[in-house]
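Student: Have a look at this one before I ask anything.
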Amino acid sequence: MTDPASALIAEEGAAIEPLTTSRILLVDDSAVMLSVIRKYLEVHGFNNIQVAANGEEALQAAHAWHPDLILTDIQMPVMDGYDLCRKIRAGTEMPDVPVLFMTGLTKPEDRNGAFSAGASDLISKPVDHLELVGRLRVHLDRRRLIKRLFEYHDRMAQELDQARKMQEAILPGVAVQEQVQAKYPVKFGSFYRASIGLGGDLWSIHQLGPERLMVCLVDFSGHGVGAALNTFRFQTFLNNVAPKSASPNHLLGMANTFLYTQLPRGQFATMFCGLIDFSKETLSYSSASAPPVLVGDQSTDRNLRLLETAGLPLGLVEDSDYEALGIDFKPGSFLLMYSDALIETPEPPQSIFSPDTLCALVSASTGDLEPDRLVEDVVSHLLSNSPSSPDDDLTLVCLNYCP
């Protein structure tokens, strides 16, 4: 794989200005030395040069001109090279500009003091013009590469942030949930957080007529860009196929076939799909190795149970059958779906939650169980008790069947 530095050089090499256009600030209290060094540089094509007679003048020139490199003597009146370098390094405008000291000092403590002050390099006097130009080129080239790497990093960060917003936009946000809640006797609570900006979790709502509502939660293996791309592709698949599906297990069968053709071997997804039929007051469901889904109701003891969620993950084998399961789902019932980060943070056996301890937390809640409050309580308990943030993408979705 090509590293970012090589990629930048290959991509933009033709547009790079020559190093000789770099801005160089010369600092020395000797007019003769300034003239000699300037002549050395001009002979080698460096013409973008300013000069200063001491550190104070140099500091003013640096703030006004923003040089690409400072070449300075050490022992000067008003402000010496050490203080000049310290002030440059302490500032915010150009703390990383290369500062090269020209010095006749030979004692180790003097030379060590230069580096302690923040010097990038030392050039011994009398100055050899070939060594001088060679060292300048090395530091200018390094500075230019670092600057372009930072620009590349910033550009990638902006693009990843845009991709993150796009990914979050395909999830059912507040507006979508409110539209569904206006048509069906349900309330939603949800939480989503990718572990590294982009993630492999996806949940969705599908309206299958006035009396039937389908909800799905999918968790792709892996993290980052690759997993996120899988969610985009699968969301398009779900939007096209889910409204035509006869049942959750039928949808999982088609999803498995689709992902088997799309995913590289070894990658997979887990999935839970539930279909609420309000006229029959039932929940039909099927699972592809998803974490156990929690269901209950508003009674004092909550009547909690964990739904069986066996079945092969999606995309591992070409043909796989998924079991059709179902339970009564009457007004007042709720279901809580979640990705495996909830029960694997930190890694087992130190995990904050297991399916059983999740049941215990929900059972201990009092009053009406509102879906947004339940999700908030579970997430808060996880994050406040875990020694670190989840290493995997975290999604929770709670649906209440309103009485």
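Computed from the coordinates by the stated procedures, all read-outs in this text should not be read as laboratory data. The shown structure was predicted, so the numbers you read here are calculated from the model rather than taken from an experiment. FYI the Cβ positions are ideal-geometry reconstructions off the backbone, even for glycines, and counts take in every protein chain you see.
Student: Let me know the longest stretch in the chain that avoids all GluC sites (Glu not before Pro) found in a DSSP loop with at most 15 other C-beta atoms within 10 Å.
Tutor: 94-210
Student: Pop out the ³J(HN,Hα) list for the range 74-86 in order, Karplus 6.51 cos²θ - 1.76 cosθ + 1.60 with θ = phi - 60°, rounded to Hz; leave Gly and Pro as x.
Tutor: For the range 74-86, the Karplus-derived couplings read 9, 8, 9, x, 6, 8, 7, x, 4, 5, 4, 5, 4 Hz, x marking Gly and Pro.
Student: Using Cα pairs closer than 8 Å and at least 6 residues apart in sequence, work out the relative contact order for the chain, in percent.
Tutor: 13 percent
Student: Rounded to the nearest 5, what is the percent of antiparallel bridges among the DSSP beta bridges in the chain?
Tutor: 75 percent
Student: Hey, what did the range 4-161 get for relative contact order, percent, Cα under 8 Å, at least 6 apart?
Tutor: Result for the range 4-161 is 22 percent.
Student: Separate question: For the range 224-286, which trypsin sites (Lys or Arg not before Pro) are both in a DSSP coil and crowded by at most 16 other Cβ atoms within 10 Å?
Tutor: Hits after loop and neighbour filter: Arg265, Lys280.
Student: Going by how many other beta carbons lie within 10 Å of each one, how would you line up Thr282, Thr231, fewest first?
Tutor: Least crowded to most crowded, the residues run Thr282, Thr231.
Student: Please report the net charge: other residues with Cβ closer than 11 Å to the Cβ of Ala290, K and R +1, D and E -1. Provide the component values of the computation, followed by the final result.
Tutor: Values: positive: none; negative: Asp219, Glu308, Asp340.
Counting the neighbours of Ala290, the net charge comes to -3.
Student: Still on this structure, I have one more. Using a 10 Å cut-off on Cβ atoms, rank the peptides 29-38, 220-229 from the highest mean neighbour count down.
Tutor: 220-229, 29-38
Student: How about the range 290-390: which chymotrypsin sites (Phe, Trp or Tyr not before Pro) there are in a DSSP loop, with at most 12 other Cβ atoms within 10 Å of their Cβ?
Tutor: For chymotrypsin sites (Phe, Trp or Tyr not before Pro) across the range 290-390 that sit outside H, G, I, E and B with at most 12 neighbouring Cβ atoms in 10 Å, the list is empty.
Student: Charges only on Cβ, +1 for Lys and Arg, -1 for Asp and Glu: so what's the dipole of the range 170-401 about the Cα centre, in debye to the nearest 20?
Tutor: About 560 debye.
Student: Is the chain rounded, prolate or oblate when judged by the Cα gyration tensor, a ≥ b ≥ c being the square roots of its eigenvalues, rounded requiring a/c under 1.5 and prolate requiring a/b larger than b/c? Spell out each step's value before the answer.
Tutor: Values: a/c = 3.81, a/b = 2.87, b/c = 1.33.
The shape class here is prolate.
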